[in-house]
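Worksheet for the structure shown next.
The values are calculated or read from the model by the stated rules, or taken from the named source; none is laboratory data. Treat the numbers as computed from the prediction; the structure is a model and nothing was measured. Heads up, the Cβs are rebuilt from the backbone with ideal geometry, glycines too, and the neighbour counts pull from every protein chain shown. The accessibility values were calculated without ligands, DNA or RNA, using every heavy atom of the protein model including side chains. Shrake-Rupley method; radii C 1.70, N 1.55, O 1.52, S 1.80 Å.
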Amino acid sequence: MTTLITGVAGFIGSQLAKNLLDSGVNVIGIDNLNDYYDVNLKKSRLQQLQNQPNFQFIQLNLADRDGMGELFNRYKFNQVVNLAAQAGVRYSLENPNSYVDSNIVGFVNLLEGCRYSEVEHLVFASSSSVYGLNTKIPFSVQHNVDHPVSLYAATKKTNELIAHTYSHLYGLPTTGLRFFTVYGPWGRPDMAYFKFTKAILADQPIEVYNHGRMQRDFTYIDDIVEGVTRILRQKPQVDHNWSGKIPNPSSSTAPYRIYNIGNSQPVDLMYFIGILETILSKKANIKMLSMQPGDVKITYANIDDLKTEFNWRPQTSIEDGLTNFINWYQNYYRN
């Protein structure tokens with residue numbers, strides 16, 4: 001069994017690779033090691049993997065059509081997990097072309113490789129950001145997601161649409177996973193929990209948007225990895241009950257599925273900051289700001305399909321998850 005993981009130097013990609021390698025799966029990982037955030041952190045994640053005999057790393061950009069073609073010509077992948085993407089809601093306002101290149105052009109290059117090499121299952125990262133202007137909570141994969149509020153979200157919705165097209169036309173089994181605010185050790189420095197921790201320890205102010213009136217469905221990294229691993233093992237099947245008159249957005253007459261992976265327990269932002277303060281034994285210097293373009297006030301995952309089909313749900317509390325993160329952070333940065 002050989003699995004390709006794109007974005008393998010990233011937060012989720014590196015932890016998923018470690019999990020699969022430990023279970024005996026051969027993993028080939030690709031990453032372009034861009035400088036959106038600290039490249040040294042990405043390299044440190046890779047160092048955890050590179051002593052494993054069943055791991056191989058290739059530096060490659062998904063948007064490199066020829067390079068991606070050569071990759072699929074050289075290797076036979078049973079499964080592919082696409083976690084490579086230009087991330088970040090706010091950065092998409094500053095550098096939109098990078099999102100189109102990585103998240104759309106790169107994704108099509110990957111799909112073409114999967115199509116011609118007859119990959120058994122493609123699992124790809126979507127995002128809770130696709131819910132956009134939807135205010136009906138909890139967010140369900142049955143809901144309409146045609147009103148994104150950031151280019152990042154629009155590219156993720158585009159991934160879902162294009163993946164379905166390939167499933168329909170070529171029978172390629174594809175599964176999209178809408179992740180909800182992933183956090184934990186080895187996380188991304190551009191995420192709020194990471195920036196808040198750094199600022200509090202340095203006695204610097206933290207920027208709190210919408211005057212703290214926000215909620216996030218924080219999902220711990222180990223739960224995300226467990227969810228991806230379970231779903232990767234189960235190829236999506238044709239939904240024989242699917243009807244074009246009442247179309248279910250999360251399934252199809254093609255081998256295609258969409259799932260939410262979230263803790264399904266939204267946390268108030270101010271409570272979240274309070275947990276950080278307690279663990280760090282330091283008060284935060286809070287700078288209240290207005291709502292930022294592209295942000296949403298609440299994310300909240302309906303995970304009924306996940307529980308029904310996989311008899312599983314995320315388990316980690318926000319208190320335990322943040323404790324684990326801060327222990328890692330202080331060890332890694334020697335604070």
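If Lys157 meets every condition in (1) open to solvent by 10 Å² or more (accessible area, probe 1.4 Å); (2) touching a helix residue (DSSP H, G or I) at 6+ places or on another chain (Cβ under 8 Å); (3) closer than 30 Å to Ser44 by Cβ apart from one, which number is that one?
(3)
Filter region 74-114 down to residues that are of a type in the set (Asp, Glu) and touching a residue at least 24 places away in the same chain (Cβ under 8 Å) and give me whichever is nearest to Lys235 (Cα to Cα).
Result: Glu112.
Tell me which of these Ser167 doesn't satisfy, since it passes every other one: (1) assigned to a helix (DSSP H, G or I); (2) more than 30 Å from Leu21 (Cβ to Cβ).
(2)
Taking the condition assigned to a loop (DSSP other than H, G, I, E, B) and without any contact (Cβ under 8 Å) to a residue 40 or more places away in the chain, does Asp239 pass?
yes
Under 7 Å between Cβ atoms, which residue pairs at least 6 apart in sequence (or on different chains) link something in region 289-318 that is more than 22 Å from His143 (Cα to Cα) and in contact (Cβ under 8 Å) with a residue 60 or more places away in the chain with a partner that is assigned to a loop (DSSP other than H, G, I, E, B) and of a type outside the set (Ser, Thr, Tyr)?
Gln292/Arg90; Ile318/Phe218
Tell me whether region 260-280 contains one or more residues that are in contact with a His (Cβ under 6 Å, 6 or more places away or on another chain), in a loop (DSSP other than H, G, I, E, B), within 28 Å of Thr316 (Cα to Cα) and open to solvent by 10 Å² or more (accessible area, probe 1.4 Å).
no
Given the structure, is Val130 surrounded by fewer than 21 Cβ atoms within 10 Å (Cβ to Cβ) and either touching a strand residue (DSSP E or B) at 6+ places or on another chain (Cβ under 7 Å) or in contact (Cβ under 8 Å) with a residue 12 or more places away in the chain (or both)?
Here the answer is no, as Val130 does not meet what is asked.
Return the pairs, sorted by first residue and then second, in which the second residue is open to solvent by 60 Å² or more (accessible area, probe 1.4 Å) and modelled with pLDDT under 95, the first residue lies in region 31-42 and is under 12 Å from Tyr91 (Cβ atoms), the beta carbons are less than 9 Å apart, and the residues are 6+ apart or on different chains.
Final answer for the pair search is Tyr36/Tyr91.
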